[in-house]
Amino acid sequence: MSAPAGVAEAPPRAAAPVAGALREAGLAALVALGLFGPMVGLRTEPGAGGLMLVQRWPTVALLCAMVFVGRFGLVWARSHRFPAFLPALARAVPLALALALLFALMLPPLPTGETLLSAGGHDRALALLALFVVAGGVFLALGWGRAAPAVAVASTRSGRWEGSLRRFGRVLGPLLLALALLLPALPWVGRYTLDLGILVLTYVMLGWGLNIVVGLAGLLDLGYVAFYAVGAYSYALLSTSLGWSFWLCLPLAGIMAAFAGILLGFPVLRLRGDYLAIVTLGFGEIIRIVLLNWVSLTGGPNGIGGIPRPSFFGLSFSAGGGPGSFADFFGLEPSPTHRVVFLYYLILALALLTNWVTIRLRRQPLGRAWEALREDEIACRALGINVTTTKLTAFALGAMFGGFAGAFFATRQAFISPESFTFLESAIVLAIVVLGGLGSQIGVAIAAVVMIGGFEVFRDLAEWRMLVFGGAMVLIMVLRPRGIVASRTPTVALGKRRAISGELVGEGHG
């Protein structure tokens, strides 16, 4: 069909010439050489006569070659069209990587005693890195390549893809819950795996708590670690000073953290976006500095030690057994694993409580007010919603669950110090929420497994661990900018509720 009179037709986009793609790829490789040359190519290691300078130019050449190939593929992909199923397949890669990582953590050890992901050495690390980058470059090209003109983003095929992903999520959720419940009973699961599971579940709970503030209410919070610290120190001070039990101090720690959330909420009622992020970041640093300098109350840099452990209906988990212990009451052989298993199920129960409360609140008028605030604050005010109450409740409830997680962290470690509550913790929790998908409960859980478990899976890769892990985060954000689970299901709808694309949902900018 010809264009209407007076309207010029836009010329078709010409494919980028190979020479231009090679030129851009060469420039990118030169930049990579300037960066990787001094940082990767030269390394100091202790030797017999002191420090020795080790040169690793083949590694630098490999990295520059991967940058060259990746940049060339990116330039080429931007000017070509692919069949519609290829970009959809590329979007599924982050979820597939997350599931593969989850099941890799659960695999039994090899006959040599090593896990499947820890066998090997430096050569295997380079091979894994090269495989990861090459595979990532291929799927990156497919993801950024434009689909055929007959298929649009909101097409029927795209809707089927989102629907299939949503149905898969309904099956994945119960499977993850069953796996979490049965994890301590698996024969190959030892103390290390249980400790890792406790750590992952702690960050799952923190992610679900922050998801109320960022994902549902749309308030960008960079100081969430402050509530985590308030809960931990509240429990530590109450238990050590007054001798109260964990079950009595736990709700009090949550209330203290919620009160801190209200204190943060009042100054930021009129702030949005970057200004809100800066204030919450400053609040987190204020709490850390107070904990560091109020030596008479918090112990300062020395922290608080000797924090009591929780009991099971009055039964202690002493390693030696004895009267009044868990092992003696149930006639079991005394073992330190009993306390670890109890802590695992305790944090699992707290995380499930956080999830249940969040889901219930989303269906209430308060949850719908949070979502309205996230989408458009001006329209929210025009509808007569009390924005002040809506923001304060989001900060308070999110902070309360952070306080619960902090109290558990204190009783698990039996020692806390300000070094445990730095800005990096807030960044990790926020990254979990963003990677999982703002407002998605199952997405946050998967992202916590990927981020926290990924550090442990690639621990044997030594210095390559952060490079592989950082590349995975970049890949997920490029292919799934709205998170692993990008679709949203409206809380209230006329007729049948259908999932909508994450691109139509407001982000957590405040």
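Taking amide H positions as modeled 1.01 Å from N, with prolines and chain starts lacking one, the residues under 5 Å from residue 42 and 5 or more places away or on another chain are 56.
Less than 12 Å Cβ to Cβ from residue 265, Lys/Arg counted +1 and Asp/Glu -1: what total charge do the surrounding residues give?
Once all neighbours under 12 Å are counted, the net charge is +1.
Treating each Cα of segment 356-456 as an identical point scatterer and summing with the Debye formula, the log10 of I(q)/I(0) at q = 0.17, 0.18, 0.20 Å⁻¹ comes to -0.96, -1.04, -1.17. With N counted as the residues of segment 223-334, its alpha-carbon radius of gyration over 2.2 N^0.38 Å works out to 1.41. Kirkwood hydrodynamic radius of segment 222-273, from the reciprocal of the average inverse Cα-Cα distance over all distinct pairs: 11.8 Å.
For the pair segment 378-395 / segment 275-304, the C-alpha centres are spaced 29 Å from each other.
What are the ³J(HN,Hα) couplings of segment 383-393, residue after residue, when phi is run through the Karplus curve with 6.51, -1.76, 1.60 and θ = phi - 60°? Round to Hz, x for glycine and proline. 3J(HN,Hα) across segment 383-393, in whole Hz: 7, x, 7, 6, 5, 4, 5, 5, 5, 5, 5. A convex hull fitted to the Cα coordinates of segment 192-479 yields 146 cubic angstrom per residue.
All other residues whose Cβ lies under 13 angstrom from that of residue 412 are scored, Lys and Arg at +1 and Asp and Glu at -1, for a net of +1. Listed values for segment 255-264 are Karplus-derived 3J(HN,Hα) couplings in whole Hz (6.51 cos²θ - 1.76 cosθ + 1.60, θ = phi - 60°), namely 5, 4, 5, 5, 4, 5, x, 5, 4, 6, and x replaces Gly and Pro.
Bear in mind these aren't lab numbers, they're just calculated from the coordinates by the rules spelled out. Model, not experiment: these values are computed from the prediction. Using ideal geometry, Cβ is built from the backbone for each residue, glycine included, and neighbour counts are taken over all protein chains shown.
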